[in-house]
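Written below as structure tokens is the structure these notes are about.
The values are calculated or read from the model by the stated rules, or taken from the named source; none is laboratory data. Just so we're clear, the structure is a prediction, and the values are computed from it rather than from any experiment. Note that each Cβ is placed from the backbone with ideal geometry, even for glycine, and that neighbours are counted across all protein chains shown.
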Amino acid sequence: MGFTVTQKIIKEHLREGEMIPGNPIAISIDQTLTQDATGTMAYLEFEATGLPRVRTELSVSYVDHNLLQSDFRNADDHRFLQSIAAKYGIYFSRPGNGICHQVHLERFAVPGKTLLGSDSHTPTAGGGGMLAIGAGGLDVAMAMAGQPFHLRMPEVVGVRLVGEMGPWVSARDVILEILRRLSVKGGVGKVMEYFGPGLSRLTVPERATIANLGTELGATSTVFPSDEMARAFLKAQGREDAWRRIEADPDASYSEIIEIDLSGLEPMIACPSSPDNVVPVREVAGKPVAQVIVGSCANSSYRDICLVSRALQDRKISPDVSFEINPGSRQVLENADMSGDLQALIHAGARIHQCGCLGCIGMGQAPATDTVSLRTFTRNFPGRSGTKNDQVYLCSPETAVASAIYGVITDPRDLGDAPQAPSVDNFFLNDNGIIHPPENGESVEIIRGPNIKPLPEFEQLPEDLELNVLLKVEDNITTDHIMPAGSKILPLRSNIPEISKYVFSSLDAGFAERALANSPGVIVGGENYGQGSSREHAALAPRYLGVRAKLVKSFARIHKANLINFGIVPMTFADPADYDKISQDDKIIIRGLKTAIESGAQDISIETSSGGAVRALLDLSQRDRQILASGSLLNWVKARIDAGE
């Protein structure tokens, strides 16, 4: 039996385990990326290993999230990131150079390589034929230390594309249709791999849009083949020598196959407040819009920006709409300028912002009260925009520009003839925004501002745990709920004592104070707990507050891994109905927990203060169990490094 693209890449990088879906495996990591909201902590964690240099082929530190310098903290963190990159052999992408995923796709993605990034949308590089996976910062720090990345061998789901997209339909509509079918939980434990004749006209930036938003399915990654389209993209980037052909074997087998007829697609839109709340645009057309933003790591490529510009030819933006453009990279901005598309956007009245994430992470661009905001962003979780009770819709650049013109949600097909999508044989290249590390960083002094605080130290797991139920939450709790983002909180990412004050603040303003006063504690939750961003602070900050366990119906992949990394025991209800047996402010007792974890027990009994008992499952690999017993991944790895392993 032949191999899929995903299986071929995993086979080349397999360090431990067997390639049987669900089995624990470990793969070597060729490249890593961080962004500044997660990077400060990741590099503090790497520094704690005591290694003098990263052990990857390539590691890049991007500054794209915390771009607003409203006080000293973000500026200080940027200097810290630049100096630590120089010391440890890491490339540094300056503030304003662009969004990590867009820049990495342009300048560093290599077909067939593995990439681990401390951002959940790292799979964007799968559009260029990589196996790219999002993870917590500590996992990325360990990859930089030369450690393999551990995960469960994913199922490989084949998505067969046939036909050709019609006018005003784009890659964004492809992935919105898949989200409509599968939901935000439909990709858990899976890699989505695309194949079929419909790929022949899908460019790498379009593939990257699909790969990026595969994250919202809960998928481990999304992978595209490295074919002639990939070769053309790398040639336009001046990197054709990085190309190699990687395609699925004719007799490759997928766990399931989903077929999408591109010719039958129409413009789609995700309604508030979930990326899978998807309907055709025509069903919500006519709703007044106050803000439209084109940008984010999903839709800020040269293709997207120029198509919007050309759709605006001889048209005006509605006077009732704030129309904003966040270019994905300096390369996108410069090439749009050279083609005249940037001038056309400015002339039409668009607000041009710097190259970065901005409003997607709640760093500015908050919409007005009781208004609709259309965004080509990745997520529309409640309040993520920075405005309470927001009404954020997610759509394609085509739908965005049509709606900006008419001032209401508009099917872009109403604009008539579609403009020609831009094609570039050779991009104008300028890497002045990327700083190469010196060959030897021994003499480099790391610059630490007062906002950079030392890593907390965490003790080993005790034999028994008596825990207060600090909070009980429902299904689909996101990492935004656990550890909010935004311009007020993001600058605290390198200061765990301060940022911990905001844990669960959007749900319970008194949580942090109550947790400290009643630790050790446990959180009880529903299905898909921890979906969304890879932010490890959603595990690290609760651990700092004394949370030692979480008991839920099911976990999102990255958050569960982060909990293990910081010594928080992730447990699931053996019977989901037992969720109703535990109330907030109850107390639970787990006797012999450490022995149960170390001995490989699959389930445990939990006593409740009401006198009853529930059973919980421990779905953990042997390595997970060792980490939990050690108290954290960093404790475990440092012990291995000290032992010369």
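Would the stretch 15-38 turn up any residue that is part of a helix (DSSP H, G or I) and surrounded by fewer than 17 Cβ atoms within 10 Å (Cβ to Cβ)?
Taking the stretch 15-38 and keeping what is part of a helix (DSSP H, G or I), we get 36-38.
Pick out the ones that are also surrounded by fewer than 17 Cβ atoms within 10 Å (Cβ to Cβ) and you get none.
Checked the stretch 15-38: no residue is part of a helix (DSSP H, G or I) and surrounded by fewer than 17 Cβ atoms within 10 Å (Cβ to Cβ).
Could you tell me which of the residues V503, V547 is among the aliphatic types (A, V, I, L, M) and under 22 Å from the mean Cα position of the chain (by Cα)?
After applying the criteria, what remains is V503.
Quick check on the stretch 275-296: of everything there that is assigned to a loop (DSSP other than H, G, I, E, B) and surrounded by 23 or more Cβ atoms within 10 Å (Cβ to Cβ), which residue is nearest to the chain's Cα centre (by Cα)? Step through it out loud before you land on a result.
Looking only at the stretch 275-296, we keep the residues that are assigned to a loop (DSSP other than H, G, I, E, B), and these are 275-277, 284-287, 289-290, 295-296.
Next cut, surrounded by 23 or more Cβ atoms within 10 Å (Cβ to Cβ) only: 275, 289, 295-296.
Numbers: P275: 14, V289: 27, G295: 15, S296: 12 Å.
If we take residues in the stretch 275-296 being assigned to a loop (DSSP other than H, G, I, E, B) and surrounded by 23 or more Cβ atoms within 10 Å (Cβ to Cβ), then S296 is nearest to the chain's Cα centre (by Cα).
Under 8 Å between Cβ atoms, at least 6 apart or on separate chains: pull out the pairs that start in the stretch 68-86 with a residue that is more than 19 Å from M41 (Cβ to Cβ) and end on any residue that is part of a loop (DSSP other than H, G, I, E, B).
As it stands, the answer is L68/M363; L68/G364; L68/S487; S70/S487, since those pairs meet every condition given.
Of (1) part of a helix (DSSP H, G or I); (2) over 14 Å from Q147 (Cα atoms), F46 satisfies all except one. Which?
Here F46 clears every test but (2).
Looking only at the stretch 513-564, count every residue that is of a type in the set (S, T, Y), more than 21 Å from I133 (Cα to Cα) and not in a loop (DSSP other than H, G, I, E, B) and tell me the total.
Step one: list which residues in the stretch 513-564 are of a type in the set (S, T, Y), which gives 519, 529, 533-534, 544, 554.
Narrowing further to those that are more than 21 Å from I133 (Cα to Cα): 519, 544.
Remaining after also requiring not in a loop (DSSP other than H, G, I, E, B): 544.
Total satisfying the criteria: 1.
From V552, V547, V524, grab the single residue that is in contact with a strand residue (DSSP E or B) (Cβ under 6 Å, 6 or more places away or on another chain), hydrophobic (A, V, I, L, M, F, W, C) and without any contact (Cβ under 8 Å) to a residue 40 or more places away in the chain.
Working: V547 fails: without any contact (Cβ under 8 Å) to a residue 40 or more places away in the chain; V524 fails: without any contact (Cβ under 8 Å) to a residue 40 or more places away in the chain.
Within the list V552, V547, V524, the selection yields V552.
For the stretch 209-231, name all the residues that are within 25 Å of A135 (Cβ to Cβ), part of a helix (DSSP H, G or I) and either modelled with pLDDT under 95 or of a type outside the set (G, A, S) (or both).
Once the filter is applied, which keeps residues that are within 25 Å of A135 (Cβ to Cβ), part of a helix (DSSP H, G or I) and either modelled with pLDDT under 95 or of a type outside the set (G, A, S) (or both), the stretch 209-231 yields T209, I210, N212, L213, T215, E216, L217.
Kindly provide the set of residues from the stretch 232-263 that are under 30 Å from D431 (Cα atoms) and in a loop (DSSP other than H, G, I, E, B), ordered by number.
Q237, G238, R239, W243, R244, R245
State the number of residues belonging to the stretch 116-168 that are in a helix (DSSP H, G or I) and under 16 Å from the mean Cα position of the chain (by Cα).
Of the residues in the stretch 116-168, the ones in a helix (DSSP H, G or I) are 122-128, 137-144.
Within this subset, residues satisfying the condition of being under 16 Å from the mean Cα position of the chain (by Cα) are 122-127, 137-140.
Qualifying residue count for the region: 10.
For T56, state whether it is surrounded by fewer than 24 Cβ atoms within 10 Å (Cβ to Cβ), in a loop (DSSP other than H, G, I, E, B) and touching a strand residue (DSSP E or B) at 6+ places or on another chain (Cβ under 6 Å).
yes
Given the criterion without any contact (Cβ under 8 Å) to a residue 24 or more places away in the chain and either outside the structural domain of H78 (by TED's automatic domain parsing) or small (G, A, S) (or both), identify the matching residue among N426, N389, N380. Before the answer, list the steps.
Working: N426 fails: without any contact (Cβ under 8 Å) to a residue 24 or more places away in the chain; N380 fails: without any contact (Cβ under 8 Å) to a residue 24 or more places away in the chain.
The conditions single out N389.
State which residue is farthest from the chain's Cα centre (by Cα) when the search covers only the stretch 620-645 and only residues that are crowded, with 17+ Cβ neighbours inside 10 Å and part of a loop (DSSP other than H, G, I, E, B).
Restricting to residues being crowded, with 17+ Cβ neighbours inside 10 Å and part of a loop (DSSP other than H, G, I, E, B), the top hit is G631.
Within the stretch 573-601, work out how many residues are within 25 Å of L634 (Cβ to Cβ) and among the polar types (S, T, N, Q).
Residues meeting the conditions: 2.
Being buried (at least 24 other Cβ atoms within 10 Å of the Cβ), in contact with a strand residue (DSSP E or B) (Cβ under 6 Å, 6 or more places away or on another chain), over 24 Å from H65 (Cα atoms) and assigned by TED's automatic domain parsing to the domain that holds L51 is the requirement here; does G129 meet it?
yes
Quick check: is even one residue across the stretch 501-516 β-branched (V, I, T) and modelled with pLDDT under 95?
No, because not a single residue in the stretch 501-516 is β-branched (V, I, T) and modelled with pLDDT under 95.
Taking the stretch 517-551 as the search range and keeping residues that are at pLDDT 95 or above and of a type in the set (K, R), which one is nearest to K453 (Cα to Cα)?
R543
Between A616, A577, which is outside any loop (DSSP other than H, G, I, E, B), out of contact with any His (no Cβ under 9 Å at 6 or more places or on another chain) and exposed (fewer than 15 other Cβ atoms within 10 Å of the Cβ)?
The match here is A577.
This table checks each residue for (1) crowded, with 16+ Cβ neighbours inside 10 Å; (2) farther than 22 Å from V569 by Cα; (3) in contact with a strand residue (DSSP E or B) (Cβ under 6 Å, 6 or more places away or on another chain).
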position: D411; (1), (2), (3): yes, yes, no
position: L415; (1), (2), (3): yes, yes, no
position: L429; (1), (2), (3): no, yes, no
position: E459; (1), (2), (3): no, no, no
position: L470; (1), (2), (3): yes, no, yes
position: I496; (1), (2), (3): yes, no, no
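For the stretch 98-115, how many residues meet the condition of being in contact with a strand residue (DSSP E or B) (Cβ under 6 Å, 6 or more places away or on another chain), in a helix (DSSP H, G or I) and either modelled with pLDDT under 95 or surrounded by fewer than 24 Cβ atoms within 10 Å (Cβ to Cβ) (or both)?
Count: 0.
For L471, state whether it is within 26 Å of the chain's Cα centre (by Cα), within 30 Å of A517 (Cα to Cα), not assigned by TED's automatic domain parsing to the domain that holds G328 and not in a loop (DSSP other than H, G, I, E, B).
For L471, the condition - within 26 Å of the chain's Cα centre (by Cα), within 30 Å of A517 (Cα to Cα), not assigned by TED's automatic domain parsing to the domain that holds G328 and not in a loop (DSSP other than H, G, I, E, B) - is met.
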